[in-house]
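S.K.: Could you have a look at this structure, given as structure tokens, before my questions?
The values are calculated or read from the model by the stated rules, or taken from the named source; none is laboratory data. Quantities reported herein were computed from a predicted structural model and do not represent experimental measurements. Neighbour counts are summed over all protein chains in view; Cβ atoms, including those assigned to glycine, are modelled from backbone coordinates with ideal geometry. Each accessible area value is taken on the protein alone, full model and side chains, heavy atoms only, with ligands, DNA and RNA left out. Shrake-Rupley method; radii C 1.70, N 1.55, O 1.52, S 1.80 Å.
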Amino acid sequence: MSVTVIHNGLPQHLNFLRDYGRMIDRTAYFPELVEDDLAHSKAVVIACRSDNDQLKRHASRLRAFLDDGGLLVIMGGMRADIIDPRLTFMPTPTNFTWFMQENPDSGHRLRTIDHSLHRYIGLKDMQWHRHGYYLKAGTADTIVELCRPHSEERIGDILFDDRRGFRGRLIATTLDPHMHHGGYYIPAATRFLNGFYPWLRREIGVPIRWASDV
């Protein structure tokens with residue numbers, strides 16, 4: 001097994017799993033997560049807005065996966081600081097209508113320009129309303145930074161990749177693409193997933209599973 005998605009069984013999660021099944025090798029229902037779900041995985045993605053109580057319950061297991069060399073992805077609404085206490089999560093009011101403002105600017109900025117993810121996902125696919133941001137650890141590379149609108153004044157991080165703080169690798173974001181794709185609104189979230197999962201499979205060295213393979 002290679003890519004495992006942990007989810008909480010929300011309708012949006014189930015819609016996502018149906019639509020992206022060829023990108024996923026294994027799924028795990030968070031309340032029933034067992035050691036075997038991680039032991040057969042190279043990369044584990046925790047779907048956005050699953051359950052932070054379950055994240056706390058399984059934190060030691062997920063941290064062990066990281067420390068054993070695994071790649072752990074924590075999506076929006078899930079508190080990556082539960083796994084890595086060096087992080088600080090900063091909640092913000094949800095800016096639902098940022099794009100309706102005159103001369104709109106989400107404040108999102110691409111960073112670490114040579115990062116391989118940028119070949120798969122553009123800035124337009126990594127900006128919609130947000131619910132917060134992180135103050136990352138010093139070992140992490142920023143992929144998408146949050147700045148004050150119409151400036152380069154840093155506020156925090158929307159998406160980062162930490163390859164030096166663990167034996168494995170932690171990627172975390174405050175974006176919540178599974179929920180919005182699964183609810184079939186916000187096209188940017190679908191474009192994000194269309195790029196993210198092929199990139200993730202390439203990062204861990206496994207091919208995309210085509211329809212004939214599923």
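S.K.: If you wrap region 1-88's Cα atoms in a convex hull and average its projection over all directions, what's the area in nm²?
M.R.: Taking the Cα atoms of region 1-88, their convex hull projects to 5.3 nm² on average.
S.K.: Let me ask something additional. Just how much of H150 is accessible, in Å², when a 1.4 Å probe is used and the result is rounded to the nearest 10?
M.R.: We get 110 Å² for H150.
S.K.: Helix 187-203 sits at what angle to the longest principal axis of the chain, using alpha carbons and giving 0 to 90 degrees rounded to 10?
M.R.: The answer is roughly 50 degrees.
S.K.: Over all distinct alpha-carbon pairs, what is the Kirkwood Rh of region 166-213 in angstrom?
M.R.: After inverting the mean inverse Cα-Cα distance, the result is 12.4 Å.
S.K.: Another question about this same structure. Expressed as a whole percentage, what fraction of the accessible surface of region 1-105 belongs to carbon and sulfur atoms when a 1.4 Å probe is rolled over the protein heavy atoms?
M.R.: In region 1-105, the share of accessible area belonging to carbon and sulfur is 50 percent.
S.K.: Fully extended, how many nm does the chain gain between A59 and E152 (0.36 nm per residue separation, minus their Cα-Cα distance)?
M.R.: Full-extension gain reported as 30.0 nm.
S.K.: How compact is region 145-184 by the rule of thumb for globular proteins, expressed as Cα Rg over 2.2 N^0.38 Å?
M.R.: Taking N as the residue count of region 145-184, the ratio is 1.55.
S.K.: Can you spot the lysines whose alpha carbon is less than 24 Å from K42's alpha carbon? Ignore those fewer than 8 places along the same chain.
M.R.: K56, K136
S.K.: Here is a further query. Determine how large the accessible area of S41 is when every protein chain is in place; take a 1.4 Å probe and give Å² rounded to the nearest 10.
M.R.: S41 exposes around 20 Å² with every protein chain in place.
S.K.: Something else about it: Figure the gain on full extension for N52 and I204 (residue separation times 0.36 nm, minus the Cα-Cα span) and round it to one decimal in nm.
M.R.: 52.1 nm
S.K.: Between E35 and R86, 0.36 nm times their residue separation minus their Cα-Cα distance comes to what?
M.R.: 15.9 nm
S.K.: Around I6, which amide H atoms from residues at least 5 apart in sequence, or from another chain, sit under 5 Å from its own amide H, with H modelled in the peptide plane?
M.R.: Counting only residues 5 or more places away or on other chains, the set is A28, V45, I46, A47.
S.K.: So, counting K/R as plus one and D/E as minus one, what does the shell of residues with Cβ under 10 Å around F160 add up to?
M.R.: -3
S.K.: Right, here's the next one. In what sequence, largest accessible area first, do K56, K124 appear using a 1.4 Å probe?
M.R.: Accessible-area ranking of K56, K124, largest first: K124, K56.
S.K.: On to the next question. Quick one: what does P(r) look like for the chain with 5 Å bins over all Cα pairs, in whole %?
M.R.: 1, 7, 15, 21, 22, 18, 10, 4, 2, 0, 0
S.K.: Let me have the relative contact order for the chain, percent, based on Cα pairs under 8 Å that are six or more residues apart.
M.R.: With pairs under 8 Å counted, the relative contact order is 23 percent.
S.K.: Rg/Rh for region 61-150: what does it come to with C-alpha atoms and Rh from Kirkwood?
M.R.: With Rg and the Kirkwood Rh in hand, the quotient comes to 0.99.
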